[in-house]
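Encoded as structure tokens, the structure appears first; notes follow it.
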Amino acid sequence: MRYMKGLAIASVALATVLTSCDMGDFDDLNVSPNKPGEAYTSMLFTYSARNVRSFTMNSYDYDPWIQLRTGYLSEAKNNQYGGMTTTTSYGTSNYYRYIIKNLNTIIEMNEDETSKSQVAVVSFGDNANQIAVAKTLRAFFFMTLTDILGPLPYSEAFKGESDDIWEPKFDSQEDIYAALDADLQDAFGRFDVSKSLSNADILYNGDVSKWKKFNATLRMMMAIKMADVDPANGKARFARAYQDGGIEQVEDGFHYKFDSNSSAYAWMYYVGNLSYSGRGLNFVPNKVIVDALKEYKDPRMFSYFTLSGYRGTVEGDPADFEAYQGVPFGLPTNDAVVSAAKGCCSVAASYCEPQATYGVITAARTLLVEAEAAEMGWIEADPKALYEAGIRASFAFQATYHTAVSGIEEYLASDKVKLSSDKETAIKQIVMQRFLSGFLTDGIESWSDWRRFNIPVLPIYEGQSDNGVEVYPYRLSYSDTDKQYNVANSDEAIKKYLNGQDSMWERVWWDVKDNK
């Protein structure tokens, strides 16, 4: 990637320009603020950590494609995204140039004998924990990117300066998963829970014990997706990670709290954009999630949605499931969209606060993934106990960060929710509960669940079929930037791993089950 060459130190410059200096000495007048002298690992980490928010809901682009294409959100005014002809590609260049590059720099600075003892390094925390946390967060980004796209530059990435490799090969997702698992195990062994990091760690506030749980959870997230393509390795990796101990308490979840420097995406979509010709009114609850909550008599309906929100007040009893209406995604015309949206509910106010907390990988998801593994016999654990613990964790997450709802005991006892004694049925129930708990959380993981199981079923409407769509996308295509600066290797990867088609309807490595 030749575009990486000219920006090899850009991330360092970006982070160090944010560090403070003592202006009490007139000698500082001779220091250019545009040429900072040293990078602080704390600032590098904060910058990379802030980009986790891209996988909570989406990004600052006005297109929450993850939620639109997993049955959570729909449109209320315009037939803009229903045809799935927007957001067809995903670019990785900024991840390589800045976000992951920062994490690599942290690792290098903590390994280098000259820099590892400098204030710019040790002020963030001890060397071993910095390396472990940087490797863990780096693995999260790589896992998410390869789940979106498939093959990526990995083994030869970042070797421009050291080995003069400016156009790295694309590795298969299978090889990337194996390398990430090994890297995460290495990181896990480095953690020292007797020590902490500084508050530059905006994700876990320096709590190393929580990073250890996140590390093990990432390994489980990857391993479970291997169930249909490489079950032997998947089982072994999952069992090892499960023994290490993943996220099982709500407070240990991998969450992102928006702060005064960045407003939550739902606030932007629903409130902040109202001043822009009412644009923020366009996104509303999808009929799929609303109807599913009705079918299950799921009280989380009243935490996720409201009848008195940004679309105005809808007549009806707020405690009546039938009062809530969602909108189909993919209707053929603007008029059809507007008509279907009459009387629809709104996303609850707690999600629309500018400083809201969003889940990325929650305790509920981890427990429900463990339940799937237990049901398959991958771990020695009670699937029913894990399943119910996962549902309880979802209700607790809502109570902690959004709005508490009652009725958990009745819900668990209902015929629809009680875990079946039939293995195949039980796994489908577990996956459905991951969908029901994943509203505006676990975005890419929810999409991965749909790709593996076709749960929930996402209907194809006329506005989509007019564009030749027969099923929702399985991946996104590479951006033009990612291809044009590495033509030979991207072409080779497309031929070798994607049947020669850089298409949204080609499948990533682990998506092999023909259940669509």
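Say we look at segment 147-169 and pick out the residues that are within 22 Å of the chain's Cα centre (by Cα) and among the hydrophobic types (A, V, I, L, M, F, W, C); which of these is farthest from N486 (Cα to Cα)? Applying the filter and picking the extreme gives I148.
Look at segment 285-298: where a residue is farther than 16 Å from G438 by Cβ and a partner is of a type in the set (K, R), sitting 6+ places away or on another chain with Cβ atoms under 8 Å, you get E295/K416; K297/K416. Output the number of residues of segment 237-253 satisfying the condition of being at positive phi and crowded, with 18+ Cβ neighbours inside 10 Å. Going through segment 237-253 one residue at a time, the tally reaches 0.
Residues are listed down the side, and each one gets a yes or a no for (1) touching a helix residue (DSSP H, G or I) at 6+ places or on another chain (Cβ under 9 Å); (2) under 27 Å from N79 (Cβ atoms); (3) surrounded by 21 or more Cβ atoms within 10 Å (Cβ to Cβ):
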position	(1), (2), (3)
A381	yes, no, no
F395	yes, no, yes
Q398	yes, no, yes
S414	yes, no, no
I427	yes, no, no
I430	yes, no, yes
S437	yes, no, yes
P459	yes, yes, no
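Of the set (1) touching a helix residue (DSSP H, G or I) at 6+ places or on another chain (Cβ under 9 Å); (2) among the aliphatic types (A, V, I, L, M); (3) free of Cβ contacts under 8 Å to residues at least 60 places away in the same chain, all apply to I202 but (3).
Within segment 160-203, the residues that satisfy the criterion of being closer than 30 Å to G234 by Cα and part of a loop (DSSP other than H, G, I, E, B) are P168, K169, S172, F191, D192, V193, L203.
If we keep just the residues of segment 487-516 that are among the small types (G, A, S) and in a helix (DSSP H, G or I), which is farthest from W166 (Cα to Cα)?
A493
Among residues of segment 451-464 that are on the phi < 0 side of the Ramachandran plot, those with a Cβ under 8 angstrom from a residue that is surrounded by fewer than 17 Cβ atoms within 10 Å (Cβ to Cβ) and among the acidic types (D, E), sequence gap 6+ or separate chain, pair up as R452/D228; I460/E470. Checked against the criterion of being closer than 29 Å to F439 by Cα and among the hydroxyl-bearing types (S, T, Y), segment 185-200 contains not a single residue that satisfies it. Annotation note: Cβ proximity below 6 Å between a residue of segment 368-390 that is touching a residue at least 60 places away in the same chain (Cβ under 8 Å) and a residue that is among the aromatic types (F, W, Y) (sequence gap 6+ or interchain) occurs for A373/F238; W378/F238; I379/Y242.
Scanning segment 112-148 for residues that are over 22 Å from S209 (Cα atoms) and among the charged types (D, E, K, R) turns up D112, E113, K116, D147. Taking segment 285-389 and the helices (runs of 4 or more DSSP H) fully enclosed by it, the elements with 2 or more residues that are small (G, A, S) and over 24 Å from the mean Cα position of the chain (by Cα) are at 334-340.
Condition check: hydrophobic (A, V, I, L, M, F, W, C), touching a residue at least 40 places away in the same chain (Cβ under 8 Å) and assigned to a helix (DSSP H, G or I). Does F435 satisfy that? Judged against the criteria, F435 is a match.
Sort out for me the helices (runs of 4 or more DSSP H) sitting completely within segment 54-137 that have 1 or more residues that are buried (at least 23 other Cβ atoms within 10 Å of the Cβ) and at pLDDT 95 or above. Walk me through how you get there before you give the answer.
Values: elements: 65-68, 100-111, 119-122.
By residue number, 100-111.
Under the condition of being in a helix (DSSP H, G or I), of a type outside the set (S, T, N, Q) and under 22 Å from the mean Cα position of the chain (by Cα), which residue from segment 445-486 is farthest from G150 (Cα to Cα)?
Taking segment 445-486 as the starting set, the residues that turn out to be in a helix (DSSP H, G or I) are 445-453, 462-465, 480-484.
Now narrow it down to the ones that are of a type outside the set (S, T, N, Q): 445, 447, 449-453, 462-463, 480, 482-483.
Going one step further and asking which of them are under 22 Å from the mean Cα position of the chain (by Cα), we end up with 445, 447, 449-453, 482.
Working: E445: 14, W447: 14, D449: 16, W450: 16, R451: 13, R452: 15, F453: 18, D482: 13 Å.
The extreme case among them is F453.
Every test in (1) more than 17 Å from R97 (Cα to Cα); (2) surrounded by fewer than 21 Cβ atoms within 10 Å (Cβ to Cβ); (3) more than 20 Å from the chain's Cα centre (by Cα) is passed by E174 save one, and that test is (3).
The values are calculated or read from the model by the stated rules, or taken from the named source; none is laboratory data. Please read all numbers here as calculations on a predicted model, not as lab measurements. Every residue, glycine among them, receives a Cβ derived from its backbone with ideal geometry; neighbour counts consider all protein chains shown.
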